[in-house]
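Asks: Could you have a look at this structure, given as structure tokens, before my questions?
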Amino acid sequence: MTDLSDDNSPLENDPTDVPLTQTPSIAIVKVGTFVDLAPLGVTNPGDQITYAFTVTNTGNVTLTNVTVTDPLPGITVSGGPLASLAPGASNNSTFTAVYTIPLGVTNPGDQITYAFTVTNTGNVTLTNVTVTDPLPGITVSGGPLASLAPGASNNSTFTAVYTITQADINAGGVENQATATGTDPNNNPVTDLSDDNSPLENDPTDVPLTQTPSIAIVKVGTFVDLAPLGVTNPGDQITYAFTVTNTGNVTLTNVTVTDPLPGITVSGGPLASLAPGASNNSTFTAVYTITQADINNGGVENQATATGTDPNNDPVTDLSDDNSPLENDPTDVPLTQTPSIAIVKTGTFVDLAPFGVTNPGDQITYAFTVTNTGNVTLTNVTVTDPLPGITVSGGPLASLAPGASNNSTFTAVYTITQADINNGGVENQATATGTDPNNDPVTDLSDDNSPLENDPTDVPLTQTPSIAIVKEVRLWTWLRLA
């Protein structure tokens, strides 16, 4: 006889399954190599970086459909996907990519190189052929040509280099015309204004320059403690300083700063113009008055906006950052929170029948005054008292503003016991509890007369110790003895 095994019972035939823990994991190493293309010896736009990616299976299970992606703009990873990659294995130069370094930004000091082609479009030989160009600071090199035959053109004789100015970038390009001049056989001058692509026309040569308008603003806030000093209160202030920087390559005009904080007005400006790379020098400032809501929130956080106008009359804007023109994080000025609560408990003896003497059953009525002695609003304010059999009525208070006190909200009645009279009074403390804006509890033990102290409340009870004795003479006992 035969039997197939079971995993836990002699009466069944279930396969025995031993689970094995799977820990899938993958790792990638990216190595870049700079490739210097012409002109050699200096890094230029158009140079390249070649990337090699090594992918390793660092887990304990085989991976399939292994791919590599790269977020660099314009880059495409070649190679793959790998159909499978065994544990511990790495790809062998499967994944590669090439990244081309992009152009830089147009700046004053960049150059335009000009080449002038002069053609004799007449039927007589011209002599002393020259080229002049009215661009400021430009000098045409080459020439003059001693002679230029009909139909002939110069062979790259005339060239010039022009250095770009900020005005050129603001204008969006450089447009102008050169003049070719020759002398005919009758010693008369022959001239022509240049064209940009044809010897038959006279259109100006326009070299467009890329405009990258951009603005950045940094907003810094400083807390100003006004009276009462030493604690953050409504009415204290935050002074703001705004630094606006032209981070583009064109001059901006009518530069302004706006801030959405309620009641705030930004002074200074507008700036008539702001050159590329320049920043304002403490031009824009503002003062904000702190509110109770700000203190309850623990600080004031917001962003201002800088706006300028580019040479094309288009707006250029930026949201402020707290410390860098390259970021847009809100400016946060923290405000110190000092949550605090105080309670005063006063007791009044109430003489119930029989009157005129302190007896068990007489009462003490308590009144509790709770004061918010901190600088943040408290919520869910309650009073508890550990005296046996006592219940505090009134409350909870939904909220209690800084400096405010409840108006006879909390009261309690205590019934005097013999033990209390024997002790000569009732002495104890209640507890006030509130919740601060961070949802943390704030508590205080009661004082008998001041929110600044924590002395127990003592209600003395009048003790009237007294004893009596009666002595009787029983005459019938004497008669019997006689």
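Asks: Determine whether Asp196 is closer than 24 Å to Ala293 by Cα, of a type in the set (Asp, Glu) and touching a strand residue (DSSP E or B) at 6+ places or on another chain (Cβ under 8 Å).
Replies: Numbers: closer than 24 Å to Ala293 by Cα: no; of a type in the set (Asp, Glu): yes; touching a strand residue (DSSP E or B) at 6+ places or on another chain (Cβ under 8 Å): yes.
When the stated conditions are applied, Asp196 does not pass them.
Asks: How about segment 326-348: which of its residues are part of a loop (DSSP other than H, G, I, E, B) and in contact (Cβ under 8 Å) with a residue 40 or more places away in the chain?
Replies: Leu326, Leu335, Thr336, Gln337, Thr338, Pro339, Ser340
Asks: Is at least one residue of segment 202-214 more than 30 Å from Thr309 (Cα to Cα) and not charged (D, E, K, R)?
Replies: Yes: segment 202-214 contains one or more residues that are more than 30 Å from Thr309 (Cα to Cα) and not charged (D, E, K, R).
Asks: Quick test of your reading of the structure: Ile264 fulfils all but one of (1) in contact with a strand residue (DSSP E or B) (Cβ under 7 Å, 6 or more places away or on another chain); (2) part of a loop (DSSP other than H, G, I, E, B); (3) touching a residue at least 40 places away in the same chain (Cβ under 8 Å). Name the failing condition by number.
Replies: (3)
Asks: Inspect segment 283-294 for any residue being touching a residue at least 60 places away in the same chain (Cβ under 8 Å) and either farther than 22 Å from Asn233 by Cα or assigned by TED's automatic domain parsing to the domain that holds Leu445 (or both) and give the result as yes or no.
Replies: No, segment 283-294 has no match at all.
Asks: State yes or no: is Thr253 part of a strand (DSSP E or B) and farther than 21 Å from Gly221 by Cβ?
Replies: Working: part of a strand (DSSP E or B): yes; farther than 21 Å from Gly221 by Cβ: yes.
Against the criterion (part of a strand (DSSP E or B) and farther than 21 Å from Gly221 by Cβ), Thr253 qualifies.
Asks: While we're here: Among the residues of segment 280-292, write down those that are within 30 Å of Ile169 (Cβ to Cβ) and crowded, with 18+ Cβ neighbours inside 10 Å.
Replies: Within segment 280-292, Asn280, Thr283, Phe284 meet the criteria.
Asks: Right, here's the next one. Name the residues in segment 447-458 that are assigned to a loop (DSSP other than H, G, I, E, B) and not polar (S, T, N, Q), would you? So that I can check it myself, show each step before the final result.
Replies: From segment 447-458, those assigned to a loop (DSSP other than H, G, I, E, B) are 448-456; that's our starting set.
Asp448, Pro451, Leu452, Glu453, Asp455, Pro456 - these are the residues of segment 447-458 that are assigned to a loop (DSSP other than H, G, I, E, B) and not polar (S, T, N, Q).
Asks: Anything in segment 260-279 that is buried (at least 20 other Cβ atoms within 10 Å of the Cβ) and not aliphatic (A, V, I, L, M)? List them, or say none.
Replies: Passing the criteria: only Pro276.
Asks: In segment 447-457, what residues are touching a residue at least 40 places away in the same chain (Cβ under 8 Å) and either in contact with an Asp or Glu (Cβ under 7 Å, 6 or more places away or on another chain) or surrounded by 13 or more Cβ atoms within 10 Å (Cβ to Cβ) (or both)?
Replies: Asp447, Asp448, Pro451, Thr457
Asks: Return the only residue of Leu319, Leu326, Leu335 being over 30 Å from Val250 (Cβ atoms) and of a type in the set (A, V, I, L, M, F, W, C).
Replies: Going through Leu319, Leu326, Leu335 in turn, just one is over 30 Å from Val250 (Cβ atoms) and of a type in the set (A, V, I, L, M, F, W, C): Leu335.
Asks: Out of the residues in segment 199-249 meeting the condition of being in a loop (DSSP other than H, G, I, E, B) and in contact with a Gly (Cβ under 7 Å, 6 or more places away or on another chain), tell me which one is surrounded by the fewest Cβ atoms within 10 Å (Cβ to Cβ).
Replies: Leu226
Asks: Mind counting the residues in segment 77-93 that are modelled with pLDDT of 85 or more and within 42 Å of the chain's Cα centre (by Cα)?
Replies: The number of residues fulfilling the criteria is 6.
Asks: Next question. For segment 85-143, give me every one of the strands (runs of 3 or more DSSP E) that falls completely inside it and has 1 or more residues that are among the small types (Gly, Ala, Ser) and surrounded by fewer than 16 Cβ atoms within 10 Å (Cβ to Cβ).
Replies: Fully inside segment 85-143 and qualifying: 111-116.
Asks: While we're on this one: Are there any pairs, at least 6 apart or on different chains, whose C-beta atoms fall under 9 Å, with the first in segment 107-136 and under 30 Å from Gly277 (Cα atoms) and the second loosely packed, with under 13 Cβ neighbours inside 10 Å and at pLDDT 95 or above, and if so, which?
Replies: Pro108/Ala167
Asks: Only one of these conditions is not met by Val18: (1) surrounded by 13 or more Cβ atoms within 10 Å (Cβ to Cβ); (2) part of a loop (DSSP other than H, G, I, E, B); (3) β-branched (Val, Ile, Thr). Which number is it?
Replies: Against the list (1) surrounded by 13 or more Cβ atoms within 10 Å (Cβ to Cβ); (2) part of a loop (DSSP other than H, G, I, E, B); (3) β-branched (Val, Ile, Thr), Val18 comes up short only on (1).
The values are calculated or read from the model by the stated rules, or taken from the named source; none is laboratory data. Nothing here was measured: the structure is a model prediction, and the numbers come from that model. Because the Cβ atoms are built from the backbone with ideal geometry, glycine has one as well, and the counts that use them run over all protein chains shown.
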